[in-house]
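Student: The structure under discussion is supplied below as structure tokens; questions concerning it will follow.
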Amino acid sequence: MARMTRSEAAFLPGLTLSRVLYEEAVRPLIEAEWPGLRYAAARVGTGSEVLGFDSARSADHEWGPRLDLFLTAEDAAAHGERIHRLLAERLPKEVRGWPTHFRPTADPRDPVGLMTPTDGPVNHRVSVGHVGGRLRDRLGLTPGPAPAELPPAELSVAELSVAELSVTDWLSMPQQALAEFTGGAVFHDGLGELTGARRLLAWYPDQVWRHLLACQWQRISQEEAFPGRCAEAGDELGAAVVAGRLVRDLMRLCLLMERRYAPYSKWLGSAFGRLPVAERLTPSLRGAMAATAQPERERHLCDAYETVAALHNATGLTEPVDPARRPYHARPFMVLHAERLAAALAGTVVDPELRALPLTGSVDQWADSTDLLTRPRAARAVLAALA
């Protein structure tokens, strides 16, 4: 029978393809070769499919039948390489018409894997590791062993460790990385570590959340008068750039309010569009972006400010704050004075460590360099310097 080409295979959401790979190919091999092995199988980490944004376009790089296997640290060290080799030799060449083989590249600047048919061993995308290693490498966390005095029954090693996360731990983890670890799908968890860690990282503790909300309002307060000042100086381009920054900050703020981790820029608009407030707020945000003169730009921005301030009041996290626009001191610009909401939220933070911090927030509230945010140790070091 002729093998289907990639272009002929019907598109499936990546998570569906990963589930098929696990259930029809990987699980039978593991059960036959390592009966009784305890592990978790999931599709988490990088990739548009993990966030639910993949499409047929995604198939042009590092998308396809992919899977993450998590063993205990001991089993990963003892069996990881053997499992990887077994899968290379015995995985089917394709799943639902999509090759399980990914063509390697010799260019270190372009490590993207592309699906391609093969007649030899499969260069697959099934990773084998352990939960602690993923937490360390992607989030900068270092789970340790469970305390000896605790019973070894219900809580796993990873869960006990993650439960003791510090303020620094939370503030140094980018939302994109948290979304990658807590998104996607778990197909099987015979250890409980992955499920436990995902549950505990699903959202910020209440006090950290309030602090981050205050920091996000503070960001807005720092620039909300700038579009008017730029335009007054004859710099319409600068005014538009600042307006775009404010729109982005409002979108991230709405996600934060709705307890959704904000993805990086490529998927920010898509994630925002799924929020209940998006239908009401999007016309104002688009209007601010499309405006070519300051009066129109200011009107749309202020409409957006008032909508999001009302959304804040609906949370009940603070006493109501007047959401109406107002003059920027003696200057002829209308703003929200967002620092009022920042102060109201900061006033509800009672954790002494958080109260001692400036309103700079988490690492991705003050930095958006991919090269920084994907290096957990560097992010921690910079965060420590700001404290």
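Student: Based on this model, can you work out whether residue 198 counts as out of contact with any Ser or Thr (no Cβ under 9 Å at 6 or more places or on another chain), in a helix (DSSP H, G or I) and closer than 26 Å to residue 378 by Cβ?
Tutor: Details: out of contact with any Ser or Thr (no Cβ under 9 Å at 6 or more places or on another chain): no; in a helix (DSSP H, G or I): yes; closer than 26 Å to residue 378 by Cβ: yes.
Answer is no for this residue.
A quick yes/no check of all residues on (1) outside any loop (DSSP other than H, G, I, E, B); (2) modelled with pLDDT under 90:
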site	(1), (2)
76	yes, no
79	yes, no
84	yes, no
87	yes, no
92	no, no
105	no, yes
109	no, yes
112	no, yes
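Student: Report, by residue number, each residue of the range 216-231 that is surrounded by fewer than 21 Cβ atoms within 10 Å (Cβ to Cβ) and closer than 20 Å to residue 290 by Cβ.
Tutor: 223, 226, 230
Student: Looking at the range 170-210, which of the residues that are polar (S, T, N, Q) and open to solvent by less than 30 Å² (accessible area, probe 1.4 Å) is farthest from the chain's Cα centre (by Cα)?
Tutor: 172
Student: Of (1) in contact with a Gly (Cβ under 8 Å, 6 or more places away or on another chain); (2) over 18 Å from residue 129 (Cα atoms), residue 24 satisfies all except one. Which?
Tutor: That leaves (1) as the condition not met.
Student: Let me ask something else. I need the full set of residues from the range 249-265 which are in contact with a Ser or Thr (Cβ under 8 Å, 6 or more places away or on another chain) and either among the β-branched types (Val, Ile, Thr) or without any contact (Cβ under 8 Å) to a residue 60 or more places away in the chain (or both), in order please.
Tutor: If the condition is that a residue be in contact with a Ser or Thr (Cβ under 8 Å, 6 or more places away or on another chain) and either among the β-branched types (Val, Ile, Thr) or without any contact (Cβ under 8 Å) to a residue 60 or more places away in the chain (or both), then 257 is the only one that fits.
Student: Quick one: which of 90, 138, 85 is of a type in the set (Lys, Arg), surrounded by 19 or more Cβ atoms within 10 Å (Cβ to Cβ) and either free of Cβ contacts under 8 Å to residues at least 24 places away in the same chain or out of contact with any Cys (no Cβ under 6 Å at 6 or more places or on another chain) (or both)?
Tutor: Numbers: 90 fails: surrounded by 19 or more Cβ atoms within 10 Å (Cβ to Cβ); 85 fails: surrounded by 19 or more Cβ atoms within 10 Å (Cβ to Cβ).
One residue alone meets the criteria, 138.
Student: Being of a type outside the set (Gly, Ala, Ser), over 17 Å from residue 335 (Cβ atoms) and either open to solvent by 40 Å² or more (accessible area, probe 1.4 Å) or in a helix (DSSP H, G or I) (or both) is true for just one of 275, 250, 285, 213. Which residue is that?
Tutor: On the way: 275 fails: either open to solvent by 40 Å² or more (accessible area, probe 1.4 Å) or in a helix (DSSP H, G or I) (or both); 250 fails: over 17 Å from residue 335 (Cβ atoms); 285 fails: over 17 Å from residue 335 (Cβ atoms).
Exactly one of 275, 250, 285, 213 is of a type outside the set (Gly, Ala, Ser), over 17 Å from residue 335 (Cβ atoms) and either open to solvent by 40 Å² or more (accessible area, probe 1.4 Å) or in a helix (DSSP H, G or I) (or both), namely 213.
Student: Under 9 Å between Cβ atoms, which residue pairs at least 6 apart in sequence (or on different chains) link something in the range 8-33 that is closer than 17 Å to residue 89 by Cβ and open to solvent by 70 Å² or more (accessible area, probe 1.4 Å) with a partner that is at pLDDT 95 or above and of a type in the set (Phe, Trp, Tyr)?
Tutor: Going by the 9 Å Cβ cut-off, the qualifying pairs are 27/187.
The values are calculated or read from the model by the stated rules, or taken from the named source; none is laboratory data. Keep in mind that this is a model prediction, so the values were computed, not measured. Here the Cβ is made from the backbone with ideal geometry for all residues, glycine too, and neighbour counts use every protein chain on show. Surface accessibility is based on the protein's heavy atoms, side chains included, excluding ligands, DNA and RNA. Shrake-Rupley method; radii C 1.70, N 1.55, O 1.52, S 1.80 Å.
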